[in-house]
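Quick notes on the structure that follows.
The values are calculated or read from the model by the stated rules, or taken from the named source; none is laboratory data. These numbers come from a predicted model, not from an experiment. Glycine also receives a Cβ, built like all others from the backbone with ideal geometry; neighbour counts cover every protein chain displayed.
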Amino acid sequence: MTAILTASTPWFWLMVLSSALFAVGAAGVLLKRHSVAALIALNVMFVAVILGLASVAMRGAAMAGQTAATSHTAHVFMVVVVAVAAACTAVGLGLVVALARTKESADVDCVNTLRW
Amino acid sequence: MIFLTFAGVTLLAAVLACWFRSVNSGLVGLMLVFLGSAFILAIVGQPFIAAVLVISGAATTLALFLLSAVGISPPHGPHPPDRRRAQVILGLCASVVLGAGLSAVALTLGAVAPDVGAAVESPSTIPMIGRALLGPHALAFELVAVLLLTSIVASVHLAKGSSS
């Protein structure tokens with residue numbers, strides 16, 4: 001364990017940072033009532049995913065001894081995740097506007113029609 | 001050291017973005033999260049992803065600022081205290097368990113991997129990413145294009161409402 005922590009492995013610290021960011025974003029999504037604040041926390045989670053993919057790319061490249069050949073899939077994944085994050089935010093914004101129009105509030109707890 | 005500094009700033013900004021009650025303050029925190037993450041990605045040798053993240057983050061933050069400027073009324077009226085307390089406890093427990101699990105995965109991967117240090121960055125990654133996107137990963141590229149178009153149509157339809 002000590003060898004891990006003292007080793008010069010940025011991908012390890014990047015993965016730890018990604019885990020912490022994901023947990024913080026998840027807490028925000030679960031605890032916030034304002035729908036725009038939940039969207040902000042969701043974007044924090046997406047950033048965490050991108051950092052995690054960057055960490056995986058660096059790890060795979062480092063284990064292979066070079067970068068280019070092994071880490072391209074992870075780079076493509078990162079670009080796809082950025083695009084999915086943008087799409088998710090766009091649909092979320094539309095949902096927030098629709099929620100504000102129908103319920104006249106941004107409280108996510110107002111949307112409980114499908115609750116069982 | 002620089003990496004750890006930016007990591008700390010990013011984590012602090014994320015906590016503030018999720019902590020502030022004001023949406024505008026949270027958006028400033030989100031901007032710092034995008035900026036810190038882009039700096040970190042640039043430091044570890046992935047400038048293309050950093051640039052994409054900055055552009056995407058700028059568009060996201062601008063859209064959220066515009067939405068908050070519209071003046072959507074924030075949630076009013078408190079929850080019943082017992083329900084709110086249970087919600088907070090459950091949310092915090094879930095996020096702590098999630099963070100601990102992900103950190104355990106990171107530690108496991110760190111224990112499995114040899115001490116290889118940082119990856120040696122290739123001189124030009126961007127043309128190779130472009131070739132990969134338009135070559136073996138062309139299907140993913142096209143699917144992303146369709147997804148973005150669908151999300152644009154869906155968001156316009158949702159925001160327009162069913163008044164007609």
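The table below lists the values:
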| read-out | value |
| --- | --- |
| Hits in segment B:97-106 - residues which are more than 7 Å from every other protein chain (Cβ to nearest Cβ) and within 16 Å of A:L31 (Cα to Cα) | B:V97 |
| Residues of segment A:72-105 satisfying the condition of being of a type in the set (G, A, S) and within 21 Å of B:S151 (Cα to Cα) | A:A83, A:A85, A:A86, A:A87, A:A90, A:G92, A:G94, A:A98, A:A100 |
| Boolean, A:V80 is free of Cβ contacts under 8 Å to residues at least 40 places away in the same chain, part of a helix (DSSP H, G or I) and more than 25 Å from B:W19 (Cβ to Cβ) | yes |
| Test: A:G52 is within 23 Å of A:A20 (Cα to Cα), more than 7 Å from chain B (Cβ to nearest Cβ), assigned to a helix (DSSP H, G or I) and modelled with pLDDT under 80 | no |
| All positions within segment A:101-116 that are polar (S, T, N, Q) and either part of a helix (DSSP H, G or I) or at the interface with another protein chain (Cβ under 10 Å from one of its Cβ atoms) (or both) | A:T102, A:S105 |
| Qualifying residue in segment B:107-115 (condition: in contact with a helix residue (DSSP H, G or I) (Cβ under 8 Å, 6 or more places away or on another chain), in a helix (DSSP H, G or I) and either at pLDDT 70 or above or exposed (fewer than 14 other Cβ atoms within 10 Å of the Cβ) (or both)) | yes |
| Failed item, numbered, when B:A59 is tested on (1) surrounded by fewer than 17 Cβ atoms within 10 Å (Cβ to Cβ); (2) modelled with pLDDT under 80; (3) not polar (S, T, N, Q) | (2) |
| Residues satisfying the stated conditions in segment B:144-162, i.e. within 8 Å of another protein chain (Cβ to nearest Cβ) and over 20 Å from the mean Cα position of the chain (by Cα) | B:T150, B:A154, B:V156, B:H157, B:L158, B:A159, B:G161 |
| Criterion: touching a helix residue (DSSP H, G or I) at 6+ places or on another chain (Cβ under 8 Å) and modelled with pLDDT under 85 - qualifying residue of B:S37, B:S95 | B:S95 |
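Residue-by-condition table, conditions (1) more than 8 Å from chain B (Cβ to nearest Cβ); (2) surrounded by fewer than 19 Cβ atoms within 10 Å (Cβ to Cβ); (3) at pLDDT below 85; (4) over 25 Å from B:A51 (Cα atoms):
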site: A:L21; (1), (2), (3), (4): no, no, no, no
site: A:I40; (1), (2), (3), (4): no, no, no, no
site: A:A62; (1), (2), (3), (4): no, no, yes, no
site: A:Q66; (1), (2), (3), (4): no, yes, yes, no
site: A:V96; (1), (2), (3), (4): no, no, yes, yes
site: A:L99; (1), (2), (3), (4): yes, no, yes, yes
